[in-house]
Amino acid sequence: MASIHIDGLTKVYPGGVTAIDGLDLTIEDGSFFALLGPSGCGKTTLLRTIAGLEAVSAGTIHIAERDVTVLPPGDRNVAMVFQDYALFPHMSVNENIAYPLRIKKTGRSERTLKATETGTALGLEALMERRPAELSGGQQQRVALARAMACQPSVFLLDEPLSNLDARLRLEARSFLKRLQRELGVTTVFVTHDQSEALAMADQIAVMEKGRIRQLGTPSEIFRSPSNTFVANFIGSTPMNLLPGVLRGGTLRVGSASVGREAAGELAAWSAGAVDSGEVTVAFRPEYARVDGDGPLRFTGTVETLENLGASVLVTVRTGDDQRVQAVVPEGEEVDVGAGVHVAPVPGRILVYDARGELLRP
Amino acid sequence: MTPRTVLRRLALTAFLSIATAFWALPLLWLVTAPFDRRPGLTVSWPDWTLENFQRLAENPYAFSSLKNSVILAGGSMIGVTILAALAAYSLSRVRIPGRNALLYGLLLLSSIVTGTAAMVPIFQLMFSLNLIDDRSGVILVFIGGLLPAAIFILKDFMDATPKSYEESARVFGASSMQVLRHVMLPIVRPGLATIAVWTLVNVWSDFLISYILLRDPAKIPAGVVMYTFYSEGGQANLPLISAFSLVYALPVVALYLFVNRRYGFRFHGGIKS
């Protein structure tokens, strides 16, 4: 069991690209931690640096209170599952799972036994003699996990663990990974570009952009109150409504709609914060907006498009100020295209970001 | 079908038949002449006999030369395969400036080493190394001459192997040599088989290098012994040459069939996953 401490970590590639930029991060022992961000944000580089596959340019990495910054990967007691699983094609499933033990000079019969044990725990007992090429994507992933488990590491590192699976299997694998992590209790760090994966699996999420962490928090913190417009934009399966507004004298004005801080309700974070911020960005999630609902901030417009999300419908409304506002409407409360409606965010769910894009907090 | 296309097809077929016959005749000679009581330079239905082989067995150098060929070809094969594997792995994974220029340069120069043009300097080199009439000298020259092309072929196989295999092994604590032995070499096995057989065939069929560097008749390989099969009158001893040609060719054919079945010949890398 191990926590990971990262201090002032910087990684500059030989070409001069800064992949990680003075990053500080603590990953608690036993947590299921997601590194989330768009491609090129440095999340995979960070994972590879923890594994020891990339040398750091500056800063330190501690795993279980031990400075591993300059240790080779094999001495860090970590196991990594690669995006393509990297199962050795010439070895059987059993030999693959036993490989870490072979490196540790465990005897052949003992490692075969241990590999069988680990494989059985992951439901691979019928496949132990097969070659990786004869397995499905989901089975290959389990073999890769079993191989990582076989060396009993103190940290698991998973690089895009679900991206090589098809959509249906991905949901299955998601619950499987979460259950497995909970049972093993081993600190696990995984990289993903898919915010729904991070929200669904992780205990803690670090949202990254350009080599820095933009927000660190639990999935619900990150979903409810993204601390800047980048995170607000990135998180959520339906994009957040982000509208330009003005906050002056305690009154928030968005186009022709406005709301005073008293009316915004006590739950609205911004209402207790700055009174005068000038140009701001007002944000609320479509899930937290009601069509024809009553609220302190109301947008009036006509329904432009309807997108069926299954159990609900995403309604896009074009307001009189030529803004687009989206709201998610549950089944049975659909509206018609072209109809005139009011859209009102639920009080307390309105987020206000200052001109630099940072959340106004109480 | 217009008469024009019929004519074109006829012409093509005729051309291909002549070309096939051109290549097939020597092979036909190779399988018929050794069994003919009076083998000539033409292909004819043989007057069956095994006498030629009996005469071959009586020749003191024929079979020892095959043994020498095995030693030279086997030694070169082992040397080339091991050195090419190490060099190809390094060249595939380590970034050094001018890597490709180095490789292409070696490739270009190596065709001179095993060619005729460099025979005098090679003789002088071996002479000053005191390796004349020494089998290891011949093997060294072959390794030097064949290595660049072998590296070139094998590097392509290494390049095609995903880096994640290697990194995965490294995270489990494998050293570079362990990565090479456990992961890379098994994956590039078809490449190893290809360069091994290619080296073997190259050395097996050599005449010039062994002829120049070896003196002792007990050390000369099959390709050189064939050159001694003349009658007193200076005439080519066709019964002996034809029988020996067949014996000389069979191991290579057998090897090719075996390796092709076992590994499959490929000249490019790539993984089926």
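The values are calculated or read from the model by the stated rules, or taken from the named source; none is laboratory data. None of the values given here were measured: they were computed from a predicted structure. Positions of Cβ are generated from backbone atoms using ideal geometry, with glycine treated the same way; all protein chains shown enter the neighbour counts. Calculation scope for accessible area: heavy atoms of the full protein, side chains included, ligands and nucleic acids excluded. Shrake-Rupley method; radii C 1.70, N 1.55, O 1.52, S 1.80 Å.
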* To do: Go through region A:50-65 residue by residue and turn each phi into a ³J(HN,Hα) via Karplus (6.51, -1.76, 1.60, θ = phi - 60°); whole Hz please, and just put x for glycine and proline.
  => 5, 5, x, 7, 10, 7, 7, 8, 7, x, 10, 10, 10, 10, 6, 6
* Calculate, in whole percent, how much of the Cα-Cα pair population of region B:32-175 lies beyond 21 Å. => 64
* Asked: In debye to the nearest 20, how big a dipole does the protein assembly as shown give about its Cα centre with +1 on each Lys and Arg Cβ and -1 on each Asp and Glu Cβ?
  -> 1960
* Which translational diffusion coefficient, to the nearest whole µm²/s, is obtained for region A:32-113 from the Stokes-Einstein equation, given a Kirkwood hydrodynamic radius over C-alpha pairs, 4 °C and 1.567 mPa s? -> 86
* Asked: What percent antiparallel are the DSSP beta bridges of the protein assembly as shown, to the nearest 5?
  -> 75
* Alpha-carbon Debye profile of the protein assembly as shown, log10 I(q)/I(0) at 0.10, 0.12 Å⁻¹ -> -1.01, -1.21
* Note down the nm distance, to one decimal, between modelled labels 7 Å out along Cα→Cβ at B:ASP47 and at A:ASP166. => 7.3
* To do: State log₁₀ I(q)/I(0) for region A:2-142 at q = 0.15, 0.18, 0.19, 0.21 Å⁻¹ as given by the Debye formula over alpha-carbon point scatterers of equal weight, solvent excluded.
  => -0.89, -1.08, -1.12, -1.20
* R0 of 51 Å, Cβ-Cβ distance B:LEU257-A:ALA311: FRET efficiency to nearest 0.05 -> 0.20
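Rounded to the nearest whole Å², what accessible area per residue is found for chain B with the 1.4 Å probe?
Numbers: 15240 Å² over 273 residues.
Each residue of chain B exposes 56 Å² on average to a 1.4 Å probe.
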* Structure fact -> In nm, the gap between the two label points placed 7 Å beyond Cα toward Cβ at B:SER90 and B:GLN124 is 2.9
* Local charge sum around B:ALA87 (other residues, Cβ-Cβ under 14 Å, Lys/Arg +1, Asp/Glu -1)? -> +1
* Asked: Can you pull the percent of chain B's accessible area that's carbon plus sulfur, 1.4 Å probe, other chains left in place?
  -> 67
* Would you mind checking region A:77-93 for residues with the amide N under 16 Å from a putative spin-label position 7 Å along Cα→C-beta of A:ALA133? => A:86-93
* Asked: For q = 0.17, 0.19 Å⁻¹, what log10 I(q)/I(0) does region B:209-256 give under the Debye formula with an equal point scatterer on each alpha carbon and no solvent?
  -> -0.60, -0.72
* Structure fact -> Between B:GLN235 and A:TYR13, the two model label points (7 Å from Cα along the beta-carbon direction) sit apart by a distance in nm of 7.6
* How large is the Kirkwood hydrodynamic radius of chain A, in angstrom, based on all distinct alpha carbon pairs? -> 22.8
* Structure fact -> Scaled by the rule-of-thumb 2.2 N^0.38 Å, the alpha carbon Rg for region B:55-110 gives a ratio of 1.84
* Asked: Å³ per residue of the Cα convex hull, for region B:60-272?
  -> 140
* **Given charges at beta-carbon only (K, R positive; D, E negative), |dipole| of region B:60-272 in Debye** => 800
* **Estimated buried accessible area (total), pair B and A, 1.4 Å, Å² to nearest 100** => 1800
* **Amide H contacts of B:GLY173 (H built 1.01 Å from N, under 5 Å, at least 5 apart or other chain)** => A:GLY74
* Asked: Taking amide H positions as placed 1.01 Å from N in the peptide plane, with prolines and chain starts having none, which residues 5 or more places from A:PHE190, or on another chain, fall under 5 Å of its amide H?
  -> A:PHE33, A:ALA34, A:LEU35, A:LEU158
* Structure fact -> Checking B:SER242, B:SER76, B:SER168 against a Gaussian network model of chain B (alpha-carbon springs below 10 Å), the top fluctuating residue turns out to be B:SER168
